[in-house]
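Notes for the one structure printed next.
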Amino acid sequence: MELLINIFVNGLATGMLIFLLAAGLTLIFGLMDVLNFAHGGLFVWGAFAAVWTYTATDSFMLAILGALLTGVVLGFVTEKLIIAPVYGNHVQQILITLGFMLVLTEMIKVVFGPNQLAAGVPSYLAGSFEIGDVILIKYRLFIIVTGFVVFALIQFILKRTKIGLIVRAGVLNKDMVQALGIHIKKVFLYTFIAGAALAAFGGALMAPYSGVVYAEMGLEFGILAFIVVVIGGMGSLPGSLFAAILVGLAGSFMAYYVPDLSLAVNMILMAIVLIFRPQGLFAARG
Amino acid sequence: MAKALSLHNGVYLIIALALIIFPFVTESRTWTILLTQIFIFAILAMSYDLLLGYTGIVSFGHAMFFGIGAYSTGIFLKSFEPTLLYFILSIACGMVLAAIVSFFVGILTLRLKSHYFAMLTLALSGLFLVAAEKWRTLTYGNDGFTFRAPEIFQDRLVFYLVALGCLLASFVFLKRFVSSPMGRVLISLRENESRTASLGFKTLHYKVIASVAAGVIASLAGSLYAISLRFVNTSVMTMDITLDALLMTIIGGVGTLIGPILGAGVIELAQHYLSGLARENPIFERWIILFGILYILAVIFFPRGIAGGIQSLYLKLRGKKVGVHRSLKKRVVKS
């Protein structure tokens, strides 16, 4: 029983990290119709910025702030330089963001050095709770709670605020939103920055969880986030949450019971969903 | 036009002859090996160009076919005798396997829209990578295995000529392929898929045929690559191979066939020289940044790459207008 709980908590924590990454991606895709393959690059920049700040200042809060700032700056630059020239053309978006992903990954090696960095857990989140025989690692619980809080926050912003209304309307029909006098390109830019900041935030939380950060993890997690968005349905936030948890749990259970398949399980999940329900499990639109 | 075409062919013929003579006039072993490598990747990049440049589909799973070819050759030559016969058999076997796989993958994936297609091919090639990793009795996983190449390839010069021969054969085949009525339909698919469908063409059939042809040629490149290293491991199935093909195609020029060859040359040469320079200044170790930036600039400003640039320059000099791919043209957001 305690084993099952451990595997479950582990999977849920991984799922939440993927969700943070996928949430930005799903907003960007849903609203802006942009395929951002560089998203993993923003994630890894967040992770490195957080680790760097944490080693320099020894403050976890500052580390997260540093990651968010990095995300905002990179998001702004990416939208202006990389995404803006290729709105409305999927093939070009795939090609250019993939190229930018390469640049971001290599830039990490230039700025922070080619080796992986060790990341520490702040003392108040280190250790674990013991309830009977069940050992719950504090940091994992922290990630799970944060994940749900972020989900609730985004849902609140989307459903209850004016900004959210504009974004949701933009997902459905951006021409109409534009016609009503809203500067849709500005909304695009802010959404992209928000998505990038979310990715960087995910990276910042990821670093203490995995213990080390390395430049190539951007591509790995970027692919995972895409898998989640595809399974959940492009543009659907609850879909992304569901799919992220599904992917996280499937990964951790498979890693324990059928380790040979654990590498393939996400790919298999996505292949099945795409073949039988190409629009994803919770599609926002038709 | 006919005159211009024959001029083109003349230039190609001269370059091909120069390449055939080249190893006989220089003694440089490095150059022979480097050029062989370029030829092999040029074959891969050309096959990718058939998909990206002519049919207008972005596949992230091209490494799958390259890997099938490499593993077929590696496993054949390891389990049987390393003779020329088995080498040819292994190429044929790799091509047949690649054709079967690309046929089924194509049927499954090509119905989907561009981004879903890209993701699904990525997933499927990921599955192949995992299979190669896990099926250790056959592939020896990430450690890979070495094998003996046929005796005749011990001489680097012979292998150089074989690789060049394969490159020329693939080039001629693909050139014929894209100028055939079949190839014209592919180009019309790239330009406007729904219009092609409404003209009565079964678009899926054509796309599947294109992906089978591209897969078979990628498998040939994989077989040659395995021979050139005399070693195979899972790296032949990784995303890096697909990325290489993508970079070469985009930088060289999509939809030109000659472009990917140029792209392969530029990238392999630069990789060779820049990693040589890395000993003097570590910044050159990160040469991929240069390519990433070049690639991004190419996508935004020169969607037709080196070859397209030369072509439009040439046509401009002769006062003709050039068309740009619809799929690669800059389009602003509708407002």
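Under 10 Å, Cα contacts only: if you run a Gaussian network model on chain B, which one of B:A149, B:A92, B:A278 comes out with the highest mean-square fluctuation?
With Cα springs under 10 Å in chain B, the top fluctuation among B:A149, B:A92, B:A278 is at B:A278.
Considering all alpha-carbon pairs of chain B, what whole percent are spaced by more than 26 angstrom?
Value for chain B: 49 percent of Cα pairs lie more than 26 Å apart.
So what does the Cα-only Debye profile of segment B:155-286 read at q = 0.11, 0.12, 0.18 Å⁻¹, as log10 I(q)/I(0), no solvent term?
-0.53, -0.62, -1.18
Can you run phi through the Karplus equation (6.51, -1.76, 1.60; θ = phi - 60°) for segment B:144-161 and list ³J(HN,Hα) in whole Hz, with x for Gly and Pro?
x, 8, 9, 8, 8, 7, x, 3, 5, 7, 4, 7, 4, 5, 4, 5, 4, 5
Multiplying the sequence separation of B:E280 and B:K78 by 0.36 nm and subtracting their Cα-Cα distance, what value in nm do you get? All intermediate terms of the calculation are to be shown ahead of the outcome.
Numbers: separation 202, 0.36 × 202 = 72.72 nm, distance 4.01 nm.
The B:E280-B:K78 span can extend by a further 68.7 nm.
How many Å³ per residue does the convex hull of the Cα positions in segment A:99-229 occupy?
Each residue corresponds to 162 Å³ of Cα convex hull volume.
For segment B:236-292 and segment B:61-96, what is the separation of their C-alpha centers, rounded to whole Å?
Each part reduced to its Cα centre gives a spacing of 26 Å.
Can you give me the distance in nm between label points at B:K113 and B:I33, each placed 7 Å from the Cα along the Cα-to-Cβ direction?
It works out to 4.8 nm between the two label points.
Can you give the FRET efficiency to the nearest 0.05 for B:D143 and A:I5, using r as the Cβ-Cβ distance and R₀ = 35 Å?
Efficiency, rounded to the nearest 0.05: 0.45.
Give the value in nm², to one decimal: projected area of the alpha carbon convex hull of the protein assembly as shown, averaged over all directions.
It is 30.6 nm².
Return, ordered by residue number, the residues of segment B:88-126 whose backbone nitrogen is under 17 Å from a label point located 7 Å along Cα→Cβ of A:E220.
B:126
Just to be sure I understand: with springs between alpha-carbon atoms less than 10 Å apart, which residue in A:V258, A:V273, A:V86 has the highest mean-square fluctuation in the Gaussian network model of chain A?
Of A:V258, A:V273, A:V86, the most mobile in the Gaussian network model is A:V258.
Taking the Cα centre of chain B as origin, work out the dipole magnitude from +1 charges on Lys and Arg Cβ and -1 charges on Asp and Glu Cβ, in debye rounded to 20.
So the dipole magnitude of chain B works out to roughly 1620 debye.
Calculated FRET efficiency, A:L136 and A:L69, Cβ-Cβ r, R0 45 Å, to nearest 0.05?
0.90
Points 7 angstrom from Cα along the Cβ direction at B:I20 and A:D260: gap in nanometres?
A separation of 5.0 nm, rounded to one decimal place.
Could you pull out every residue, at least 5 positions away or on a different chain, whose amide H is within less than 5 Å of the one on B:V232? Hs are placed 1.01 Å off N in the peptide plane, and Pro or chain starts have none.
Hits under the 5 Å cutoff: B:F145.
Can you check what the net charge comes to around A:E2, using other residues whose Cβ is under 13 Å from the Cβ of A:E2 (Lys, Arg +1; Asp, Glu -1)?
Once all neighbours under 13 Å are counted, the net charge is -2.
Using unit Cβ charges (K, R positive; D, E negative) and no other charged atoms, how large, in debye to the nearest 20, is the dipole of the protein assembly as shown about its Cα centre?
2640
What pairs in A:K162/A:K186; A:K80/B:K113; B:K113/B:K202; A:K159/A:K186 have C-alpha atoms more than 18 Å from each other?
Where the Cα-Cα span goes over 18 Å, the pairs concerned are A:K80/B:K113; A:K159/A:K186.
Let me know the Rg and Dmax you get for segment A:180-272 when you use only its Cα atoms, in Å.
Reported Rg and Dmax, both Å: 15.9, 56.
Taking 0.36 nm per residue of sequence separation and subtracting the Cα-Cα distance, how much length would be gained by fully extending the chain between A:V212 and A:A152, in nm to one decimal? Walk me through the numbers on the way to the answer.
Values: separation 60, 0.36 × 60 = 21.60 nm, distance 2.88 nm.
Here the segment from A:V212 to A:A152 would lengthen by 18.7 nm.
Mind jotting down the distance between the C-alpha centroids of segment B:122-162 and segment A:28-104, whole Å?
36
State the dimensionless ratio Rg/Rh of segment B:1-137 (Rg: radius of gyration of Cα atoms; Rh: Kirkwood radius).
That ratio is 1.05, to two decimals.
Using θ = phi - 60° and the Karplus relation 6.51 cos²θ - 1.76 cosθ + 1.60, list the HN-Hα couplings for segment A:171-187 in order, rounded to whole Hz, with x at every Gly or Pro.
4, 6, 7, 6, 5, 5, 4, 4, 5, 7, x, 9, 6, 5, 5, 5, 4
In a GNM of chain B with a 10 Å cut-off on Cα contacts, which of B:G106, B:G255, B:G292 has the highest mean-square fluctuation?
Highest fluctuation of the listed residues: B:G292.
Any idea what the relative contact order of chain B is, in percent, if you count C-alpha pairs under 8 Å spaced at least 6 apart?
Normalised by residue count, the contact order of chain B is 30 percent.
Calculate the dipole size of chain A relative to its Cα centre from +1 charges on Lys and Arg beta carbons and -1 charges on Asp and Glu beta carbons; express the result in debye to the nearest 20.
Numbers: 13 positive and 11 negative charges, 212 e Å.
The dipole of chain A has a size of about 1020 debye.
What do you get when you divide the Cα radius of gyration of segment A:2-216 by 2.2 N^0.38 Å, with N the number of residues?
For segment A:2-216, the normalised Cα radius of gyration is 1.08.
With the convex hull built on the Cα atoms of segment A:29-112, state its orientation-averaged projected area in nm².
Directional mean of the projected Cα hull area for segment A:29-112 stands at 5.5 nm².
Which value in nm describes the separation of the simple spin-label points at B:E191 and A:A126, placed 7 Å from the Cα toward the beta carbon?
Result for the modelled spin labels: 6.7 nm.
Coordinate-derived values only; no laboratory data. Keep in mind it's a predicted model, so treat the numbers as computed, not measured. A quick note on method: Cβ atoms are made from the backbone with ideal geometry, for glycine too, and the neighbour counts reach across all protein chains shown.
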